[in-house]
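One structure is given below, encoded as structure tokens.
The values are calculated or read from the model by the stated rules, or taken from the named source; none is laboratory data. Note that the coordinates shown come from a computational prediction; the quantities given were computed from them, not determined experimentally. Every residue, glycine among them, receives a Cβ derived from its backbone with ideal geometry; neighbour counts consider all protein chains shown.
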Amino acid sequence: MLEFVIVKRRLVQLAFVLIVLALIGGAAALYVVDQPYKGYSGEEVFVEIPPGSGVGAIGRRLIEAGVLRNDATFRLAMRLYGQGRTLKAGEYRFTDAQPPSAIIDRIARGDVFLRPMTFPEGLTLREMAAVFEQRGFGAARAFLDAARDASAVREVDPRADDLEGYLFPETYALPRSVKAGDLVRQMATRFVSIYSADLRQEAEKRGMTTRQVVTLASLIEKETARGDERPLVSAVYHNRLRIGMGLQCDPTVIFALQRAGKYDGNLTREDLRFDSPYNTYRYAGLPPGPIAAPGRASIEAALRPANVEYLYFVSRNDGSHVFASSLAEHNRNVQEFQVKYFRERRLSRQANGTSRQRGE
């Protein structure tokens, strides 16, 4: 009986020791995976995890980049914090020392690094594709190919055969691995959300289709960057459309020439005779479709023109325009802000050239 008691006491003591050791081991494990570590020398490091990467491959990438100390630490952190969680592909940016537990959590949440890409208002599809390629996201051709699919805007413009004018211009936060098709769909979806039910109702009241609204907005966008002028430019075009007068919008000619690969950066009188349905000097009414991507302000201006009788406007050569209701007034403005301005600038250049030749 005494021997049984002794054995039992020893078993209890052994169990106690094992429990203590387990607690110590658990605490040590928790201590290890909660210790911040930074093994890279720079201010930041990027780790790209390709789609389909296994846990082991992900661990090796993190260790090689200096984000994790070693494989044992990574596997221990996965046992403690990664059970039942999927590590997600993408590009991750690390800027300071972090414990393995936090790193596992970030990758399991898919907290990928996003890069901003800005598309300014007034860009064509080709210009947007160039931005996409220049920022290193992919080939311009892939962007243009994706933009041929107009299904994302079919509900608002059944006639659209591409997404010219329908990729909303703003800044998008994107993973570096974003596919052109995904970005294009995101931009088209953004346009549909911006072109709200209220705007669609305004268009319906004016007897305008979405395509007409966006086309007119694209002309306004290309003609002025000033918010106070957009409703005035819109009024000029609405007034001209009402009386059947040609819009005579230079950017439509440039767009037509670009489509034909014939634009060299200069617009000549001969160019104004270029035969294209987009040339609003040759054909009255709106062109067949948008010539660029308008922003929200230009879309609103297309539907809310100023209550003025203007039929003309001409550049002041400082980013603003002067407006006129009659041809006589417009001709005076042309003389003042175009003919006289460029004559004086030419004479000034000639005088400066003569002075330099004399060594003055």
Quiz item: Just to be sure, is ILE58 in a helix (DSSP H, G or I), under 29 Å from PHE137 (Cβ atoms), in contact with a Gly (Cβ under 9 Å, 6 or more places away or on another chain) and touching a residue at least 24 places away in the same chain (Cβ under 8 Å)?
Solution: no
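For THR268, are the conditions met, namely being surrounded by 14 or more Cβ atoms within 10 Å (Cβ to Cβ) and out of contact with any strand residue (DSSP E or B) (no Cβ under 6 Å at 6 or more places or on another chain)?
Considered against the rule, which asks whether it is surrounded by 14 or more Cβ atoms within 10 Å (Cβ to Cβ) and out of contact with any strand residue (DSSP E or B) (no Cβ under 6 Å at 6 or more places or on another chain), THR268 comes out as no.
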Taking the stretch 49-75 and keeping residues buried (at least 16 other Cβ atoms within 10 Å of the Cβ) and of a type outside the set (Lys, Arg) leaves ILE49, SER53, ILE58, GLY59, LEU62, ILE63, ALA65, GLY66, VAL67, LEU68, THR73, PHE74
Any hit, the stretch 223-233, residues being touching a residue at least 12 places away in the same chain (Cβ under 8 Å) and farther than 21 Å from GLU309 by Cα
yes
Among the residues of the stretch 181-195, are any under 20 Å from ALA235 (Cβ atoms) and outside the structural domain of ALA301 (by TED's automatic domain parsing)? no
Expected single match for among the aromatic types (Phe, Trp, Tyr) and under 17 Å from ALA57 (Cα atoms) among TYR81, TYR92 is TYR92
Output for Cβ contacts, cut-off 7 Å, separation at least six or different chains, first residue part of a loop (DSSP other than H, G, I, E, B) in the stretch 265-284, second among the hydroxyl-bearing types (Ser, Thr, Tyr) and modelled with pLDDT of 95 or more, reads PRO277/TYR283; TYR278/THR252; ASN279/THR252; THR280/THR252
GLU91 fails exactly one of (1) assigned by TED's automatic domain parsing to the domain that holds ARG176; (2) of a type in the set (Asp, Glu); (3) assigned to a strand (DSSP E or B), namely (1)
Going through the stretch 147-204 in order, the residues found to be small (Gly, Ala, Ser) and assigned to a helix (DSSP H, G or I) are SER151, ALA152, ALA180, GLY181, ALA188, SER193, ALA197, ALA203
Taking the stretch 199-237 and the residues there that are surrounded by fewer than 16 Cβ atoms within 10 Å (Cβ to Cβ) and closer than 19 Å to ALA324 by Cβ, the one that is nearest to the chain's Cα centre (by Cα) would be ARG226
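Of all residues in the stretch 142-179, count the ones that are under 18 Å from VAL112 (Cβ atoms) and either at pLDDT below 95 or of a type outside the set (Phe, Trp, Tyr) (or both).
The total comes to 8.
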